[in-house]
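Below you'll find the structure, written out as structure tokens, and then a few comments.
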Amino acid sequence: MGFVLYEQKEGYAIVTINRPEALNALNSDVLAELDSVFDQIDTNVVRAVILTGAGEKSFVAGADIGEMSTLTVAEGEAFGKRGNDVFRKIETFPVPVIAAVNGFALGGGNEIAMSCDIRICSENAMFGQPEVGLGITPGFGGTQRLARIINPGKAKELIYTASNIKAPEALAIGLVNAVYPIEELMPAAEKMAAKIARNAPIAVRACKKAINDGLQVDMDQAIVIEEKLFGSCFQTEDQIEGMKAFLEKRKVEGFKNK
Ligand code: CO8
């Protein structure tokens, strides 16, 4: 492994896409390593993941244009599927994934950030879907996720015009939750991950599943998804301890993920 770095911290992990000489562009090798790294994360210990890019210039500058330039129709579809499978793995990963966007998040870079639960970025971040300027559509979920995360009219404008936007506009349209000076980005991401990690892990996972699954169905079905997941928290050691601590007016000893 070399294109993706993994660092285990207390309760959370940092996954870094590490191909700085190509601004962390996603080729097949990077995608394969990302897939494998997420497969190996032990979610019994890791309660949140931060995804970022190596260096201070780029999060991910897109899918690798060199690799894509000679693809046939069938190969293009297969490459799209390879990316989509990895990104869907991140989106449905059992614990929350925070994108710490440290520079360019273009094409596949914006798309992988959108597969994460939460996006925060540095002041030098730039977002966009430049694909139509390259003769293709977004192919790693951009047409679908951008139109769900921000308003569809704005998503269409950004995709049809292939315009890049800077961090303040990304914040204004709700694509990111917060903007930090570059040196404060990782500390902020780690503070958020640590805060998530201190909460009851079974409940946090159930919240992620409830929100993600519920958004795919109508409200009558969505509310049943929540009821089931809500019910599943009861009689866990963490639910018993969490409520006992409240009633005894003391702090939780530390959730056990049980
Ligand atoms: N792919 C391959 N290499 C890249 C990419 C990329 N996406 N982005 C940057 N690089 C490489 C450059 O070629 C350059 O390499 P070298 O030093 O060997 O020439 C190196 O990174 C540094 O880049 P620049 O010299 O261009 O750096 P600048 O600071 O001048 O510019 C930019 C930075 C503006 C980010 C510029 O590099 C750029 O425009 N990059 C391409 C951005 C882009 O268009 N991304 C979208 C790609 S399409 C996509 O992601 C589709 C996803 C879905 C695919 C579905 C497949 C079917």
Original post:
Between a first residue in the stretch 129-145 that is without any contact (Cβ under 8 Å) to a residue 24 or more places away in the chain and a second residue that is near the ligand (Cβ under 8 Å from one of its atoms) and not aromatic (Phe, Trp, Tyr), which pairs have beta carbons less than 6 Å apart while being 6 or more apart in sequence or on different chains?
Top reply: Thr137/Glu131
Subject >> Odd one out for Phe246 among (1) farther than 24 Å from Ala100 by Cβ; (2) surrounded by 16 or more Cβ atoms within 10 Å (Cβ to Cβ) >> reply: (2)
**OP:** Search the stretch 52-78 for residues that are within 25 Å of Ala99 (Cα to Cα) and pair each with any residue that is more than 10 Å from the ligand (Cβ to nearest atom) and part of a helix (DSSP H, G or I) when their beta-carbon atoms are under 6 Å apart and the residues are at least 6 apart or on different chains.
**Re:** Glu56/Ile182
**OP:** Scan the stretch 4-22 for residues that are within 16 Å of the ligand (Cβ to nearest atom) and surrounded by 20 or more Cβ atoms within 10 Å (Cβ to Cβ) and jot them down.
**Re:** Ile17, Arg19
Subject >> In the stretch 118-154, residue farthest from Lys57 (Cα to Cα) [restricted to those that are near the ligand (Cβ under 8 Å from one of its atoms) and hydrophobic (A, V, I, L, M, F, W, C)] >> reply: Ile136
Subject >> Residues (of a type outside the set (A, V, I, L, M), crowded, with 24+ Cβ neighbours inside 10 Å and more than 21 Å from Lys81 (Cα to Cα)) located in the stretch 123-139 >> reply: Phe127
Original post:
Just one of Phe93, Phe59 is crowded, with 23+ Cβ neighbours inside 10 Å and either touching a Gly at 6+ places or on another chain (Cβ under 7 Å) or not basic (Lys, Arg) (or both); which is it?
Top reply: Phe59
**OP:** Quick one: which residue in Lys208, Lys156, Lys228 is in contact (Cβ under 8 Å) with a residue 40 or more places away in the chain, over 23 Å from Gly53 (Cα atoms) and either basic (Lys, Arg) or in contact with a strand residue (DSSP E or B) (Cβ under 7 Å, 6 or more places away or on another chain) (or both)?
**Re:** Lys208
Original post:
Name the pairs whose Cβ atoms lie under 8 Å apart, with the first residue in the stretch 34-48 and within 15 Å of Phe3 (Cβ to Cβ), the second among the acidic types (Asp, Glu), and 6 or more positions between them or separate chains?
Top reply: Asp35/Asp85
Original post:
Just to be sure, is Val37 more than 12 Å from the ligand (Cβ to nearest atom), over 22 Å from Arg145 (Cα atoms), modelled with pLDDT of 95 or more and β-branched (Val, Ile, Thr)?
Top reply: yes
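The values are calculated or read from the model by the stated rules, or taken from the named source; none is laboratory data. If you're wondering where the values come from, they're calculated on a predicted model, not measured in any experiment. Because the Cβ atoms are built from the backbone with ideal geometry, glycine has one as well, and the counts that use them run over all protein chains shown.
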